[in-house]
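Structure, as structure tokens:
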Amino acid sequence: MNREKLIEKTFFLIACSALFLLALITVFIFKEGIGIFLKIGFAKFIFSPDWAPSQKQFGLFSMIMGSVWITIGALIIGVPLSLSVSIFLAEFCPKKIARILKPAIELLAGIPSVVYGFIGVVILAPLIREYLGGPGLSVLAGSMVLAIMILPTVISISLDALHAVPKSYLEGSLALGATRWQSVYMVIIPAARSGIIASVILGMGRAVGETMAVIMVSGNAVRIPHSILEPVRTLTSNIALELGYATGMHREALFGTGMVLFVIIMILNTAAYVFTKRKVRK
Amino acid sequence: MGRSMCLPIIGEPVRMAQGEHMGSPLRGNIMDIRMQIKDLSLWYGQFHALKNINMEIAENRITALIGPSGCGKSTLLRTLNRMNDIIDGVKISGRIFLDNKDIYQENIGLTELRKKIGMVFQHPNPFPLSIYENLTYGLRIHNIGEKSIWDEKIEKCLRDAWLWDDVKDKLHSSALDLSLDQKQKLCIARLIIIEPEVILMDEPCSTLDPIATMKIEELMNTLKKDYTIVIVTHNMQQAARVSDYSGFLLLGELIEFDDTNNIFTAPRDKRTEDYITGRFG
Ligand SMILES: Nc1ncnc2c1ncn2[C@@H]1O[C@H](COP(=O)(O)OP(=O)(O)O)[C@@H](O)[C@H]1O
Ligand SMILES: [Mg+2]
């Protein structure tokens, strides 16, 4: 009895300390970053496109737009791809093949992002430079690499959502004389809708948060892009590139960047949580 | 759809002359035969689930399949609209005719067949869509009629399924918010809106309370004017109440198939008698 209590208490403490660490990190980021908001003002920090630390100009708008462009690009390429794969795996693929394909896709998640970046730099960027123009390291390159990187997230979560749809819906639909595809398209996908949306949101969070591969392939120029062939810098790249030598206000501005990212990711994850918890409803 | 089926050719398609029910254990004559099952066997992998079944389904009558749980009632029912096709490793031999046409022929249109032979499941399974969308589903997949006549059809099928008064004011709310028996009625309505010819029901009342069961039974009685109905039930009272013909299945064999009256008052087989008198099952 006593031992039970002891084990229970130990685990409780470990769980608490993990939570405590998380809280500590959050508090630390906010404490280090809040200064910049107070000094130059929230609106200026977020909406000014000028970022020149040597001239004490700290505006994140170019980087915010960079993250937005690259993320939207990654979703445009990656989501249709991922959803086609998961619909195929869940509804049309022979079970034997699915048993091989699914782990293979999950393996994609285990490849270090620097490898994706490397492939992007060596293969993708030169191709873009040659056939489409621009410097090659660009929004397009970043989006394409990220599109591949979000595949495992979006596929496995949407696949779970599709598998969770009761078999009786498919049977009911087939029994009415629907074809397999009609059943999938008109009943199963709508039934799995909230899970599918959640998978897209989580993929989006992954795209926003990715750093290494993005630094390597997207050029990192601080300006608002006007075409997908131009280089961009994302919020994450900004921190990683400059934190090494930043001091004073510059350092605060980078922590401020972290705060902005933190809030974006929190919003995305909360949204995904809400969607996964939502009952199928119309 | 992975499926393997072996369909041995057993002579010419059977012509169903009056009084000629080869191998059928039926005593009386069924006047209008809608479907005929000939030498039907089914295997789930190695498991022999249906053994040489022969029976007829009479037009505009209710045929009940009774027997203890696991005897193959659902399996037999699902062979009638080829729902077993979607299960891996199912092997079928023998033939099933609908109006003298073998439904297991290669070139049969599966979607057409299932439109003609509709099914109501044990657990009500309305789609997670609105009531309206559930009802228009069949119309959409089969391209039936103009949108302008849909509302009329919807009202008619809901009235036929005795659901109209309950849902007429909330056609666009979710079908999942209905009560269990309303859901089952919606499934029936969703079926009859595409005007099937045969309706298969797999224990349609087993999740319902006695009052709801009564209502569905009454509903079946009115539906039989227009439809041929096959119902699976493990509830013998229900079979006795609603059906015209009954088949008693045991371990995959059709032990006896006859007029419901005969089955319940003068069964010929000892096992049937034991079952209906409640000695086992
Ligand atoms: N998909 C399946 N795979 C393997 N065996 C099955 C499958 N479905 C049913 N069976 C078996 O076939 C037999 C008949 O099942 P079923 O037709 O569902 O019986 P009933 O409806 O009379 O209760 C049972 O022994 C059951 O275990
Ligand atoms: Mg059953």
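Might you check whether a residue that is within 16 Å of ligand 1 (Cβ to nearest atom), under 24 Å from B:Lys38 (Cβ atoms) and aliphatic (A, V, I, L, M) occurs anywhere in region B:239-249?
Within region B:239-249, one or more residues are within 16 Å of ligand 1 (Cβ to nearest atom), under 24 Å from B:Lys38 (Cβ atoms) and aliphatic (A, V, I, L, M).
Output the number of the condition that B:Pro128 fails; it satisfies all remaining conditions of (1) within 13 Å of ligand 1 (Cβ to nearest atom); (2) over 20 Å from the mean Cα position of the chain (by Cα).
(1)
Looking for whichever is without any contact (Cβ under 8 Å) to a residue 40 or more places away in the chain, out of contact with any strand residue (DSSP E or B) (no Cβ under 6 Å at 6 or more places or on another chain) and either hydrophobic (A, V, I, L, M, F, W, C) or within 16 Å of ligand 2 (Cβ to nearest atom) (or both) here; the options are B:Leu158, B:Leu139, B:Leu135, B:Leu129. Which one fits?
Among B:Leu158, B:Leu139, B:Leu135, B:Leu129, only B:Leu158 is without any contact (Cβ under 8 Å) to a residue 40 or more places away in the chain, out of contact with any strand residue (DSSP E or B) (no Cβ under 6 Å at 6 or more places or on another chain) and either hydrophobic (A, V, I, L, M, F, W, C) or within 16 Å of ligand 2 (Cβ to nearest atom) (or both).
What do you reckon, is B:Thr213 without any contact (Cβ under 8 Å) to a residue 40 or more places away in the chain and under 21 Å from the mean Cα position of the chain (by Cα)?
Yes, satisfied.
Among what's in region B:47-68 and is of a type in the set (D, E, K, R) and surrounded by fewer than 18 Cβ atoms within 10 Å (Cβ to Cβ), pick the residue that is nearest to ligand 1 (Cβ to nearest atom).
Within region B:47-68, the match that is nearest to ligand 1 (Cβ to nearest atom) is B:Lys51.
Can you tell me which residues in region A:1-41 are β-branched (Val, Ile, Thr) and either farther than 30 Å from A:Gln55 by Cα or touching a Gly at 6+ places or on another chain (Cβ under 7 Å) (or both)?
Of everything in region A:1-41, those that are β-branched (Val, Ile, Thr) and either farther than 30 Å from A:Gln55 by Cα or touching a Gly at 6+ places or on another chain (Cβ under 7 Å) (or both) turn out to be A:Ile7, A:Thr10, A:Ile14, A:Ile29, A:Ile36.
Out of region B:220-243, which residues are within 15 Å of the chain's Cα centre (by Cα) and more than 13 Å from B:Ile66 (Cα to Cα)?
The answer is B:Met220, B:Asn221, B:Leu223, B:Lys224, B:Asp226, B:Tyr227, B:Thr228, B:Ile229.
Let me spell it out: the conditions are (1) under 24 Å from B:Gly109 (Cβ atoms); (2) among the polar types (S, T, N, Q); (3) more than 11 Å from chain B (Cβ to nearest Cβ), and A:Ser183 meets all of them except one. Which number is the exception?
Condition not satisfied by A:Ser183: (3).
Against the definition (within 13 Å of ligand 2 (Cβ to nearest atom), at pLDDT 90 or above and within 14 Å of chain A (Cβ to nearest Cβ)), how does B:Arg78 come out, yes or no?
Yes.
Considering region A:166-180 alone, what residues qualify as being more than 8 Å from chain B (Cβ to nearest Cβ) and crowded, with 22+ Cβ neighbours inside 10 Å?
Once the filter is applied, which keeps residues that are more than 8 Å from chain B (Cβ to nearest Cβ) and crowded, with 22+ Cβ neighbours inside 10 Å, region A:166-180 yields nothing.
Got a number for residues in region B:130-149 being more than 16 Å from B:Asp169 (Cα to Cα) and facing another protein chain (nearest Cβ under 9 Å)?
Of the residues in region B:130-149, 5 are more than 16 Å from B:Asp169 (Cα to Cα) and facing another protein chain (nearest Cβ under 9 Å).
Find the residue count for region B:156-198, including only residues that are within 17 Å of the chain's Cα centre (by Cα), crowded, with 22+ Cβ neighbours inside 10 Å and not in a helix (DSSP H, G or I).
Residues in region B:156-198 being within 17 Å of the chain's Cα centre (by Cα), crowded, with 22+ Cβ neighbours inside 10 Å and not in a helix (DSSP H, G or I): 3 in total.
Name the helices (runs of 4 or more DSSP H) wholly inside region A:211-282 in which the number of residues that are polar (S, T, N, Q) is 3 or more.
The qualifying helices (runs of 4 or more DSSP H) are A:235-242, A:248-277.
Across region B:199-234, which residue is nearest to the other protein chains (Cβ to nearest Cβ) among those that are within 16 Å of ligand 2 (Cβ to nearest atom) and surrounded by 23 or more Cβ atoms within 10 Å (Cβ to Cβ)?
B:Leu200
Residues in region B:106-117: is at least one out of contact with any Pro (no Cβ under 6 Å at 6 or more places or on another chain), under 24 Å from B:Thr63 (Cβ atoms) and within 16 Å of ligand 1 (Cβ to nearest atom)?
no
For region B:203-233, what are the residues that are within 16 Å of ligand 1 (Cβ to nearest atom) and hydroxyl-bearing (Ser, Thr, Tyr)?
B:Ser206, B:Thr207, B:Thr233
Mind listing whichever residues of region B:161-183 are away from chain A (no Cβ under 12 Å) and among the polar types (S, T, N, Q)?
Scanning region B:161-183 gives B:Ser179, B:Gln182.
Out of the residues in region B:69-102 that are away from ligand 1 (no atom under 16 Å from the Cβ) and not in a strand (DSSP E or B), which is nearest to the chain's Cα centre (by Cα)?
If we take residues in region B:69-102 being away from ligand 1 (no atom under 16 Å from the Cβ) and not in a strand (DSSP E or B), then B:Asp99 is nearest to the chain's Cα centre (by Cα).
Can you confirm whether A:Arg193 is within 22 Å of the chain's Cα centre (by Cα) and within 14 Å of chain B (Cβ to nearest Cβ)?
Spelling it out, A:Arg193 is indeed within 22 Å of the chain's Cα centre (by Cα) and within 14 Å of chain B (Cβ to nearest Cβ).
Does B:Glu152 meet the test of being out of contact with any Lys or Arg (no Cβ under 7 Å at 6 or more places or on another chain), outside any loop (DSSP other than H, G, I, E, B) and within 12 Å of another protein chain (Cβ to nearest Cβ)?
When the stated conditions are applied, B:Glu152 does not pass them.
So A:Thr10 clears everything in (1) part of a helix (DSSP H, G or I); (2) surrounded by 12 or more Cβ atoms within 10 Å (Cβ to Cβ) except one condition, right? Which one?
Here A:Thr10 meets the rest and fails (2).
Which of (1) within 16 Å of ligand 2 (Cβ to nearest atom); (2) modelled with pLDDT under 90 is the odd one out, the single condition B:Gln18 does not satisfy?
(1) is the only condition that B:Gln18 fails.
Within region B:188-219, which residues are at pLDDT 90 or above, closer than 14 Å to B:Trp162 by Cα and touching a helix residue (DSSP H, G or I) at 6+ places or on another chain (Cβ under 6 Å)?
Result: B:Ala189, B:Arg190, B:Ile192, B:Ile193, B:Glu217.
At positive phi, more than 14 Å from chain B (Cβ to nearest Cβ) and over 21 Å from the mean Cα position of the chain (by Cα) - does that describe any residue in region A:114-135?
yes
With region B:223-281 as the region, which helices (runs of 4 or more DSSP H) entirely inside it contain at least 1 residues that are of a type in the set (Val, Ile, Thr) and under 18 Å from B:Ser206 (Cα atoms)?
Once the helices (runs of 4 or more DSSP H) in region B:223-281 are filtered for at least 1 residues that are of a type in the set (Val, Ile, Thr) and under 18 Å from B:Ser206 (Cα atoms), what remains is B:236-242.
The values are calculated or read from the model by the stated rules, or taken from the named source; none is laboratory data. Here the structure is a predicted model, which means the values were calculated and not measured. Note that we place each Cβ from the backbone using ideal geometry, even for glycine, and neighbour counts take in every protein chain shown.
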